[in-house]
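The values are calculated or read from the model by the stated rules, or taken from the named source; none is laboratory data. The shown structure was predicted, so the numbers you read here are calculated from the model rather than taken from an experiment. Neighbour counts are summed over all protein chains in view; Cβ atoms, including those assigned to glycine, are modelled from backbone coordinates with ideal geometry. Each accessible area value is taken on the protein alone, full model and side chains, heavy atoms only, with ligands, DNA and RNA left out. Shrake-Rupley method; radii C 1.70, N 1.55, O 1.52, S 1.80 Å.
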Amino acid sequence: MRPKERRATGQTDLFRARLDQIVDPAHALVKLAAAIDWRFLEERFGVVYDDDPGRPPLPTRLMAGLAILKHLHDLSDEVLCERWIENPYFQLFCGEEFFQHQLPFERSSLTRWRQRMGEERLIALLQESLSVATRSGAAKPADFRQVIVDTTVQEKAITFPTDAKLMHRARERLVRLAKGKGVRLRQSYARVGKIALIQHQRYAHAKQFKRANKALRRLRTILGRVIRDITRKLASRPDLVEDFAVPLSLARRVRDQRQRERGRKIYSLHAPEVECIGKGKAHKPYEFGVKVSVATPLQRCRGGQFVAHVKALPGNPYDGHTLATVIPDLERTVGAEVERIVTDAGYRGHHAPKEKRFQVYVAGQKRGLSPAIKRAFRRRSAVEPVIGHLKNEHRMSRNHLSGSAGDAINAVLAAVGYNFRLLLRWLALLCVWILATLTAASARLLPPQYA
């Protein structure tokens with residue numbers, strides 16, 4: 001069933017005041033709510049629904065507004081629900097006409113809505129932010145024809161992986177699952193496993209690596225015993241084989257993997273999609289998450305350095321090989337053909353589409369550089385502070401959404417929150433400028449004795 005979308009009725013209530021009579025109409029969030037084309041979002045998000053009978057979903061403006069506010073102000077789902085109840089501007093932004101004293105939704109509705117929409121539909125929020133920037137004068141369509149492209153790492157909300165912690169955690173998960181399913185094990189190793197983990201951590205901290213390796217072998221032996229014990233018990237319980245398939249597979253991979261071997265490894269049991277990515281940073285040699293491509297305009301727009309495109313890239317691809325998918329997605333998001341792409345030296349040997357191959361300029365190249373290209377190279381580092389803002393202020397530094405789909409969704413929503421924050425600042429400055437202009441004009445019309 002399709003959602004019952006909210007429309008402004010203009011009705012009044014004898015016992016309640018309307019929100020538009022309470023809030024300041026010059027507030028930037030009120031201006032932003034009026035500037036967003038909610039009908040466009042309803043059309044884009046409405047394709048996931050059908051006309052079958054049932055309980056209607058929550059309104060699109062409510063859920064899309066909550067997603068924007070969450071990443072606009074760097075809030076968790078729980079804190080967002082608390083702030084929404086006490087903030088009339090949040091409620092007005094989400095389409096309410098009267099102040100609500102109770103949540104009209106459950107906290108888990110945010111998670112289900114994000115999963116239902118997915119990355120391909122949440123891109124509409126990013127497109128709408130760029131449309132609002134164009135309509136309000138914060139940017140021009142020509143600003144997005146020349147872009148800077150760079151990659152960063154969106155880290156996952158996991159602890160730093162070590163072999164000892166992973167094997168200890170794998171044993172705990174198997175023992176807990178066996179207890180919940182009624183599988184009686186010969187031994188749980190709860191006490192001796194914890195002691196072996198503590199010994200390994202203490203010996204490693206003291207640089208007594210022979211003793212630390214002995215404790216690590218003890219942990220590996222304990223995990224192997226639990227795996228074999230569960231495998232024997234499942235022979236007489238075929239109905240439980242499917243429940244234990246994934247935990248046993250992850251536990252075997254954790255037990256068999258070694259520190260310096262090549263290939264995919266498990267770095268987290270609750271997020272097995274996590275990858276180890278090295279970006280050459282002295283303070284952080286390895287980051288655990290997913291690689292993300294970020295594109296911004298080459299020249300700064302009037303409203304700020306907007307994000308034109310963002311995309312999660314699982315598999316830790318080489319930067320130059322990402323342009324084959326990034327450039328077509330970028331042009332679909334912006335709605336215009338990109339004329340110039342500036343990148344850093346990590347994109348040498350890129351695989352850009354054939355028609356765009358000579359429009360990609362990699363830092364460090366020497367041939368065929370006009371003065372305009374040299375000036376463009378000096379602007380290449382403008383993408384770095386944008387990445388810093390995305391991470392520190394819009395929830396890209398530590399992703400709490402599950403799965404590979406959560407990685408892609410969080411990256412898109414972080415860019416949406418960043419763009420709408422720039423628009424809030426632009427609308428606030430625009431309102432101040434209009435007010436100052438009107439004040440100056442009225443002062444000129446007054447007689448000298450009243451001026």
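Summary of computed values
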quantity	calculated
Criterion (over 15 Å from Leu298 (Cα atoms), touching a Ser or Thr at 6+ places or on another chain (Cβ under 6 Å) and part of a helix (DSSP H, G or I)) met by exactly one of Lys391, Lys356	Lys391
In region 360-376, residue surrounded by the most Cβ atoms within 10 Å (Cβ to Cβ) [restricted to those that are aliphatic (A, V, I, L, M) and in a loop (DSSP other than H, G, I, E, B)]	Ala363
Filter pass, Ala324 being exposed (fewer than 13 other Cβ atoms within 10 Å of the Cβ), out of contact with any Ser or Thr (no Cβ under 6 Å at 6 or more places or on another chain), in a helix (DSSP H, G or I) and not hydroxyl-bearing (Ser, Thr, Tyr)	no
Residue match in region 331-347 (condition: open to solvent by less than 70 Å² (accessible area, probe 1.4 Å) and more than 25 Å from the chain's Cα centre (by Cα))	yes
Residue within region 351-359 that is under 28 Å from the mean Cα position of the chain (by Cα), within 30 Å of Leu32 (Cβ to Cβ) and surrounded by 15 or more Cβ atoms within 10 Å (Cβ to Cβ) present	no
Residues (open to solvent by 50 Å² or more (accessible area, probe 1.4 Å) and not polar (S, T, N, Q)) located in region 161-190	Lys165, Arg169, Glu172, Arg173, Arg176, Lys179, Gly180, Lys181, Gly182, Arg184, Arg186, Ala190
Sole exception among (1) surrounded by fewer than 16 Cβ atoms within 10 Å (Cβ to Cβ); (2) not in a helix (DSSP H, G or I); (3) not hydroxyl-bearing (Ser, Thr, Tyr) for Gln154, by number	(1)
For Met396: the one exception among (1) more than 23 Å from Ala64 (Cβ to Cβ); (2) part of a loop (DSSP other than H, G, I, E, B)	(1)
Residue match in region 110-132 (condition: open to solvent by 30 Å² or more (accessible area, probe 1.4 Å), assigned to a loop (DSSP other than H, G, I, E, B) and either over 24 Å from Ile409 (Cβ atoms) or touching a residue at least 60 places away in the same chain (Cβ under 8 Å) (or both))	no
Conditions (1) without any contact (Cβ under 8 Å) to a residue 40 or more places away in the chain; (2) open to solvent by less than 50 Å² (accessible area, probe 1.4 Å): number failed by Gly304	(1)
Complete set of residues in region 196-255 that are within 16 Å of Met167 (Cβ to Cβ), in contact with a His (Cβ under 9 Å, 6 or more places away or on another chain) and surrounded by fewer than 16 Cβ atoms within 10 Å (Cβ to Cβ)	Asn213, Lys214
Count of region 271-296 residues which are within 17 Å of the chain's Cα centre (by Cα) and closer than 28 Å to Pro247 by Cα	9
Qualifying residue in region 377-395 (condition: farther than 28 Å from Gly137 by Cα and either touching a strand residue (DSSP E or B) at 6+ places or on another chain (Cβ under 6 Å) or surrounded by fewer than 20 Cβ atoms within 10 Å (Cβ to Cβ) (or both))	no
Condition met for Phe160 (in contact (Cβ under 8 Å) with a residue 40 or more places away in the chain, assigned to a loop (DSSP other than H, G, I, E, B) and of a type in the set (Phe, Trp, Tyr))	yes
Residues satisfying the stated conditions in region 297-321, i.e. more than 22 Å from Gly263 (Cα to Cα), under 19 Å from the mean Cα position of the chain (by Cα) and not in a strand (DSSP E or B)	Gln305, Phe306, Val307, Ala308
Residue tally, condition under 27 Å from Ala26 (Cβ atoms) and among the acidic types (Asp, Glu), over region 66-124	5
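Here's the yes/no breakdown for (1) more than 20 Å from His270 (Cα to Cα); (2) part of a loop (DSSP other than H, G, I, E, B):
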residue	(1), (2)
Val175	no, no
Ala178	no, no
Ser188	yes, yes
Val192	yes, no
Ala196	yes, no
His200	yes, no
Ala215	yes, no
Leu223	no, no
Ser249	no, no
